[in-house]
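Inspection log for the structure reproduced underneath, given as structure tokens.
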Amino acid sequence: MPQTIDTASKHEHVQRTEKLPEAGSKLGRLSFLGTLGVDLPASLVVFLVALPLSLGIAAASGAPVMAGLIAAAVGGIVAGCLGGAPLQVSGPAAGLTVVVAGLVEEFGWPVTCAITAAAGVVQLLLGVSRVGRAALAVSPVVVKAMLAGIGITIVLQQLQVLLGSKSADSALANLAALPAAITNVELHAALLGLTVVAILLGWKYVPRPVRRIPGPLAAVVIGTALSVAMAPGVERISFSGSLFDAISLPNLPDGSWRAAALAVISVALIASIESLLSAVAVDKMHNGPRTNLDRELVGQGSANMVSGMLGGLPVTGVIVRSATNVEAGAASRTSAVLHGVWVLVFSALFAGLIQLIPLSVLAGLLVVIGAKLIKIADIKMSHRTGDFLVYVVTLGCVVFLNLLEGVIIGLALAAACVLWRVLRTQIQAHEPSTPSAPWRVTIAGSCSFFALPRLNRVLHSVPEGRNVVVELNADYLDHAFREALLAWQDQYRASRGTVLLEEHGNTVFRDAAYRTPQRQEPREFPLPPRAAWQSTRVSDVESPSSGGIQSVADDDVERLPLRSILLGIDKYHRRFADKVRPLVHDLTDGQNPDTLFVACVDSRVNPNLITSSGPGDLLTLRNIGNVVCGEGQDASIDSALSFAVKGLSVDSIVICGHSNCGAMKAVIADAEGKGNPALGDGFDAWLDHARPSYRALLAEHPVARAAEAAGYSLVDQLGMVNVAVQLSKLEDHVVIGPALAEGRVQATGLFFDITTARVVLVTPEGIEQLDASGMVPQAT
């Protein structure tokens, strides 16, 4: 039927739609005003922290002092507006100090600005290409070692300035010149620098009201005041003109294009990694919106393009300023933007005050900043995680070569370590403790051609003519490894030895001959493979000549009784006892199960397997036909029910039937006059507990109708009805009935379909399929 549209309503709808942008604009203004109360004071705190840090980093980089303030203003305003990390504050960072100093030395300042702008373009392209998360695919230990190396380089460089000398262009040269600098120390400069260091180290001990003033700002102000009063002759920051006079366009390099391109990539990658890692760290400090890493790269790239074009330092996200921003209570990106505005205003109006700051005061500030980049916790972590070699090599190369080469070497070494750990296969031969016991060869890990030398060496260390068990626990297995193992098997069998392969990993040995090898997902399965349960005459090791399973001779079966319980216990002791021990440690003195699980004695039903439970979880009662009895009809069942409810205070009782049940078959056969007298009178008497279920089946019990509609056989229909009938018996039981009525215990019916290996929920009204999401059974 065609719909009619009211013209007036449509016109009204269009008017409302046209007003949506205006409403959105109002909402944005309200949001801005709502957070301004906390963002404004936070921006002032961040400004006070950023000001001295920006000056110090510019001085350490060999760049014009105003370049640090330009970068701080641009980082705050541009990256703050466009970036994807709302609470991150950007500006010049200590992490790029060494790189920028090297670029200034090699290319000069105008070309360094061009490199900064070009690096911003690279970052912008990375952000647009949505590779932000890929940039985090860097080993954290390399990043931490890089920062520590930068810290050591800054400390060695600024110690020269603090002592009144000129810093050299390399860490090694600064280290070599340190004794001479100490001998020829300029006392006033050194005292001012050490005063700043002492203030920064002791600032956390001053009263809390005083600590509201940022420590770096207090240290620079106090150091500058002391220098004006007591050491007017010390060397100070000098520049000509104002902030706007410092703005200059970059120059292209005069030749050396290859070196310049490499510098662009270096600055872009280091700035991106530092910014993204800082953003991730800031996300952990607050509960607000998470960072959009791709947008953050766009914001950082835009800021570097602007900063480079205006004559500023490279910009990155700075963890020190960002952490200060969060701690000061900032709620949005407004705080970062305002901090950039305050830097701009101060630089334009009060630039003259900056020239009062002694170089040694900034050097003292930078010595502390550099030292804080070296974290003892990172060193300990790298030692615990086996990455200490990567840490030391990366740090040493950053300090004594250069930052880019150090990072590349560190990443290469980290990748090599990962390959070694992933590809290295553990292969060992275990000599038996007794002459009659078999030799064991354990193979674990990724089984590829890389492991063939070690495999060959270990296998040929096994004496000839012995019984050998090869335990294969692989998550990857290729054709070359399989062929090598089969070739050794043929050779070993020629010496009248026997070989049995036990597979415990995620791969199937024979699959390596027919398909491309690939790493298999972990197989979360609490039992060995089916072949390991039931194999009686085969070794599971394939013969390359026959293309199938190689049989073991009858006399070998006698020597290796695969069906023996003792062999299974031996395998348990070898492979699983150590894993089970922690699970049963707390159960030594008692048990506290939450469920009584009543199941059939059928060997195909494993309660712990189908419920994903472990030791101590289930109190299990098993009998023929998973039945319960009335009070006094069976002492064993009565005692189990009483012990579960009164002794252990279980929360639930589960009655679980299963498909193709022998007891249900016997009940049907008996009703049809086809009983089995060979099973004895006791078995026939026991079936009395299940015969009411057959009568309920004939009476078209709701469960029977549901099972028939679902396509189950008559035997399985009876099995499901039997579960429902046994549940109803619990309601009349003298112990269980009151507990069910009071809600202290819940009763649930389950049915294990062996054909599909799925569990079905049985209720008084019917049956329900349990989906993969794990529907919780309801109480009857």
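Take each peptide in 443-451, 706-714, count the other Cβ atoms within 10 Å of every residue, and average; sorted highest first, the result is 443-451, 706-714. Of the cross-linked pairs K166/K372; K144/K204; K204/K284; K646/K674, those separated by over 31 Å at the C-alpha level are K646/K674. Quick check: pseudo-label points 7 Å beyond the Cα along Cα→Cβ at D570 and Q491, how many nm apart are they? In this crude label model, D570 to Q491 measures out at 2.6 nm.
With an a/c value of 1.5 or above and a/b not larger than b/c for the gyration tensor axes a ≥ b ≥ c computed over the alpha-carbon atoms, the stretch 202-300 is described as oblate.
Along each principal axis, taking the top coordinate minus the bottom one, the Cα set of the stretch 439-510 gives 30, 22, 18 Å in descending order.
Of the residues T385, T588, ranked by 1.4 Å probe accessible area with the largest first, the sequence reads T588, T385. For the stretch 668-769, just say rounded, prolate or oblate: build the C-alpha gyration tensor, square-root its eigenvalues into a ≥ b ≥ c, call rounded for a/c under 1.5, and beyond that prolate if a/b exceeds b/c, oblate if not. Oblate.
Relative contact order of the stretch 440-511, taken over Cα pairs closer than 8 Å and 6 or more residues apart, is 40 percent. Protection proxy ranking of 295-305, 594-604, by the mean of other Cβ atoms within 10 Å over each peptide's residues and highest first, is 295-305, 594-604.
In a fully extended conformation the segment linking L389 and V580 would gain 65.3 nm over its present Cα-Cα distance, using 0.36 nm per residue. A 1.4 Å probe run over the protein chains yields, for the stretch 675-721, 52 Å² of accessible area per residue, whole-number rounding. If a spin label sat at a point 7 angstrom from the Cα of H460 along the line to its beta carbon, the backbone N atoms of the stretch 412-426 nearer than 20 Å would be those of 425-426.
Here r is the Cβ-Cβ distance between H430 and K284 and R0 is 45 Å; the resulting FRET efficiency, rounded to 0.05, is 0.45.
Expressed as a whole percent, the accessible surface of the stretch 104-207 that belongs to carbon and sulfur atoms is 69, based on a 1.4 Å probe.
For H733, no residue 5 or more places off, or on another chain, has a built amide H under 5 Å of its own.
A full extension of the chain between E405 and H479 corresponds to an added length of 22.8 nm, given 0.36 nm per residue minus the alpha carbon distance. Classify the stretch 120-219 from the C-alpha gyration tensor, please: rounded if a/c falls under 1.5, else prolate or oblate depending on whether a/b exceeds b/c. The shape class here is oblate.
Considering only alpha-carbon pairs that sit under 8 angstrom and 6 or more positions apart, the relative contact order computed for the stretch 227-337 is 32 percent.
Model label sites at T516 and F350, defined 7 Å from Cα along the beta-carbon direction, differ in position by 6.5 nm. Note on D670/N592: beta-carbon distance plugged into 1/(1 + (r/R0)^6) with R0 of 45 Å gives a FRET efficiency of 0.65. Less than 5 angstrom separates the built amide H of N467 from those of W439, T498, all sequence-distant by 5 or more or on a different chain. Need the full-extension length gain, W420 to R758, defined as separation in residues times 0.36 nm minus the C-alpha distance. One decimal, nm. Contour length minus the Cα-Cα distance gives 117.6 nm.
Given R₀ = 35 Å, what would the calculated FRET efficiency be for R295 paired with W257, taking r from the Cβ atoms and rounding to 0.05? For R295 and W257, the calculated efficiency is 0.65. Listed peptides 662-672, 410-420 appear in the order 662-672, 410-420 once ranked by packing, highest mean of other Cβ atoms within 10 Å at the front.
The values are calculated or read from the model by the stated rules, or taken from the named source; none is laboratory data. Remember, it's a predicted structure, so these values are computed and weren't measured experimentally. FYI the Cβ positions are ideal-geometry reconstructions off the backbone, even for glycines, and counts take in every protein chain you see. Calculation scope for accessible area: heavy atoms of the full protein, side chains included, ligands and nucleic acids excluded. Shrake-Rupley method; radii C 1.70, N 1.55, O 1.52, S 1.80 Å.
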